[in-house]
Amino acid sequence: MKDKPVKANIFAAGAVLWRKSPADDRTVEIAVVHRPKYDDWSFPKGKLDPGETFIGAAVREVEEETSVTGRFGRNLGTVTYPIPGHRKLKRVEYWAAEAVRGSFEPNNEVDVLLWLPISEVADQLSYPMDRMILRRFCALPPDTHTVLLVRHGKAGNRKRYKGDDTLRPLDPTGRKQSTALVDQLTIFGADAVFAAERTRCIQTVEPLARSLGVDVEIEPTLTEEAYAADPAAGRKRALEIAATGGVPVICSQGGVIPDLMDWWADSAGVSLPPARNRKASTWALSFVGGRLVAADHLDSPLPKVSNS
């Protein structure tokens with residue numbers, strides 16, 4: 001009888017940290033770190049702490065290993081590999097992240113950081129898995145523009161709510177989700193906040209708006225009823241927001257987001273990953289020259305997986 005396949009049971013996250021060269025801003029450089037414990041060269045990464053999401057762990061590990069804060073962009077997927085000497089598999093999820101502040105200081109995990117031109121990175125890396133992540137990074141321009149499309153948090157049961165449904169508020173879980181979204185959306189550099197004209201949508205992004213010191217801009221065309229009546233108007237408004245620059249956050253409803261995403265992806269020839277579009281989930285959309293080039297889905301701002 002064959003042994004059952006082993007599922008990943010160690011979870012980690014990291015990033016391809018990049019910058020424009022201080023000597024020539026037309027040249028992109030990537031950070032490669034040396035870990036004396038293993039005497040290897042890799043991208044910064046590490047295991048999830050209890051209560052962390054994958055992207056939260058990636059942010060923390062990059063900062064701990066490099067002393068650099070990154071503004072995260074598109075997801076680069078996962079690698080899974082066996083741990084030598086153990087019947088365990090390790091799954092590591094990666095993002096692209098632009099260095100925005102900080103400078104390297106040696107620490108107890110990393111003693112050397114090299115900023116290398118892209119053409120030199122593959123030869124420096126110790127592992128084939130990292131070279132695969134590098135190829136994914138190089139498949140698109142690194143300097144993408146991000147738009148964050150969020151479904152509102154949990155707001156109880158529509159049928160059981162006795163008041164005006166447009167005023168239905170977040171429930172206790174939804175309020176937790178709205179608080180957790182602050183850190184998750186800030187990771188991408190969120191700097192402007194828009195919400196469909198529904199109380200639950202506005203409340204979902206109010207904590208983020210407060211933390212940024214901005215107002216929530218109300219969007220009547222992105223409610224379910226308005227979008228169903230005139231999807232072209234809702235799509236046009238989403239395009240206008242995406243073109244404003246910065247990293248806008250748009251909060252809308254379950255009757256809007258799947259169709260809007262299908263239309264956006266079809267228009268750009270982009271394949272969407274599987275997504276259940278649950279409450280408080282986020283689409284992180286990457287654009288180059290105003291055109292959608294990648295769409296990544298974050299299922300929840302609340303952690304589900306932790307290492308035992």
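Annotations for the structure displayed:
- All strands (runs of 3 or more DSSP E) inside the stretch 39-125 with 3 or more residues being among the charged types (D, E, K, R) and surrounded by 15 or more Cβ atoms within 10 Å (Cβ to Cβ): 89-101
- Among (1) among the small types (Gly, Ala, Ser); (2) assigned to a loop (DSSP other than H, G, I, E, B); (3) more than 20 Å from the chain's Cα centre (by Cα), the one test that Ala228 misses: (2)
- Residue check, Val68 under 29 Å from Val147 (Cα atoms), in contact with a Leu (Cβ under 8 Å, 6 or more places away or on another chain) and at pLDDT 95 or above: yes
- Filtered by the rule that a residue be over 22 Å from the mean Cα position of the chain (by Cα) and part of a loop (DSSP other than H, G, I, E, B), the stretch 179-212 gives Glu197, Arg198.
- Residues of the stretch 159-175 classified as surrounded by 13 or more Cβ atoms within 10 Å (Cβ to Cβ) and either assigned to a loop (DSSP other than H, G, I, E, B) or hydrophobic (A, V, I, L, M, F, W, C) (or both), total: 5
- Any hit, the stretch 283-294, residues being touching a residue at least 24 places away in the same chain (Cβ under 8 Å), among the small types (Gly, Ala, Ser), on the phi < 0 side of the Ramachandran plot and surrounded by fewer than 17 Cβ atoms within 10 Å (Cβ to Cβ): no
- Residue match in the stretch 207-218 (condition: touching a residue at least 40 places away in the same chain (Cβ under 8 Å), among the aliphatic types (A, V, I, L, M) and more than 30 Å from Ala139 (Cβ to Cβ)): yes
- Hey, Pro141 of a type outside the set (Ser, Thr, Tyr), in a loop (DSSP other than H, G, I, E, B) and surrounded by fewer than 20 Cβ atoms within 10 Å (Cβ to Cβ) or not: yes
- Within the stretch 20-39, residues that are touching a residue at least 12 places away in the same chain (Cβ under 8 Å) reach partners that are of a type in the set (D, E, K, R) and assigned to a strand (DSSP E or B) with beta carbons closer than 6 Å, at six or more positions or on different chains, in the pairs Ser21/Glu29; Glu29/Arg19.
- Enumeration of residues in the stretch 254-271 that are part of a loop (DSSP other than H, G, I, E, B) and either within 23 Å of Asp183 (Cβ to Cβ) or free of Cβ contacts under 8 Å to residues at least 24 places away in the same chain (or both): Gly269, Ser271
- Members of the stretch 237-253 found to be touching a residue at least 40 places away in the same chain (Cβ under 8 Å) and surrounded by fewer than 16 Cβ atoms within 10 Å (Cβ to Cβ), listed by number: Ala243, Thr244, Gly245, Gly246
- Residue match in the stretch 234-253 (condition: of a type outside the set (S, T, N, Q), modelled with pLDDT under 95 and in a loop (DSSP other than H, G, I, E, B)): yes
- Residue in the stretch 197-211 that is assigned by TED's automatic domain parsing to the domain that holds Asp165 and farther than 18 Å from Leu170 by Cα present: yes
The values are calculated or read from the model by the stated rules, or taken from the named source; none is laboratory data. Given the structure is predicted, the values throughout are model-derived calculations rather than measurements. Reconstructed Cβ throughout: ideal geometry from the backbone, glycine too, with neighbour counts over all protein chains shown.
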